[in-house]
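Structure first, then comments.
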């Protein structure tokens, strides 16, 4: 797990959640692998794009993804200098490893570095 990933756990009754915070303030084209440390569900995705151009948050459920080769399972667009909140009622399951990365273009195999800072916060179980 990269140093720009922070994970905090909390519990509400019988449900345990993790908050994953990814700060890409020095944009690089790197996949952040296994950000939750286990399988689970994604309930909420918050993306703050400070960059002057759109960015795409890409997610992949599986091991050993390769940037520019592995197609993401999810691809979320966030406009230039915009903040987006994606809510997933009931959660989207991931069964192996949750991997995330950001790129400048929508195409699945794009590996172009975002133009500026992108902050991602996930709420997962």
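Since every read-out is calculated from the coordinates, none of them should be taken as a lab result. Computed from a predicted model, the values in this text were never measured in an experiment.
Counting only Cα atoms, the stretch 5-124 measures 41, 28, 23 Å along its principal axes, largest extent leading. Using only Cα atoms, what Kirkwood radius does the stretch 83-124 have, in angstroms? For the stretch 83-124, the Kirkwood estimate is 12.8 Å.
Net length available on complete extension from residue 117 to residue 28 is 31.1 nm, with 0.36 nm assigned per residue and the Cα-Cα distance removed.
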